[in-house]
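So the structure is just underneath, and the comments pick up after that.
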Amino acid sequence: MPALLPIAEKHRHSILELSRDLQPHVAEIAQRWRRHMFEEFQFDGRAMAALERLNFGTGFGIFAHGDFDTFAENLQYFGTRLAKLQVDTRAVARSLELYQEICAPFVQQIYPEPKAERVLAALQTLSSATFVAVSEGNVAH
């Protein structure tokens, strides 16, 4: 996996801004994500913990320092872990999709419409780059 996630600078700026502005809601978002994931999948705690490490919420602390490289390293590590746990890439995709769906209303509440669309596009870009990075990192296919 490349050390740098392929994310355009304009999206990086939006991701950094979102990581700051969404911080007060991160615990609620994570709780909702966990609830939905446990409803859809029967993963053990190790798989769920590894999947959670791929989400934008994990990146909050990392992105607060503008550090996309460390997040990419995180993806490589947990992608390999998920492969060892034999978690299918479809579950990874669903996990990322679900996290985005849960974040969307918060984003729309925080930002006015044109900016909300831009920020959601950046979040989608991050999610897509995350999926590609993890898929290349050996998750079970």
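Just so you know, all these numbers are worked out from the coordinates, no wet-lab data involved. It should be emphasised that the depicted structure is a prediction, and the values quoted were computed from it without experimental measurement. Methodologically, a virtual Cβ is constructed for each residue, glycine included, from the backbone with ideal geometry; neighbour enumeration extends over all protein chains shown.
Odds and ends about this structure:
- Unit Cα scatterers, Debye sum, the chain: log10 I(q)/I(0) for q = 0.17 Å⁻¹: -0.89
- Net length available on complete extension from residue 20 to residue 60 is 13.7 nm, with 0.36 nm assigned per residue and the Cα-Cα distance removed.
- Estimated [θ] at 222 nm from DSSP helical runs (n ≥ 4, -39500 (n - 2.57)) normalised by residues in the chain, nearest 500: -25000 deg cm²/dmol
- Two-decimal ratio, region 37-104, of alpha-carbon radius of gyration to 2.2 N^0.38 Å: 1.10
- Kyte-Doolittle at least 0.0, axis length at least 15 Å by Cα - qualifying DSSP helices, the chain: 89-110, 113-136
- A full extension of the chain between residue 13 and residue 30 corresponds to an added length of 3.9 nm, given 0.36 nm per residue minus the alpha carbon distance.
- This model, with +1 at the C-beta of Lys and Arg and -1 at the C-beta of Asp and Glu, gives the chain a dipole about its Cα centre of some 160 debye.
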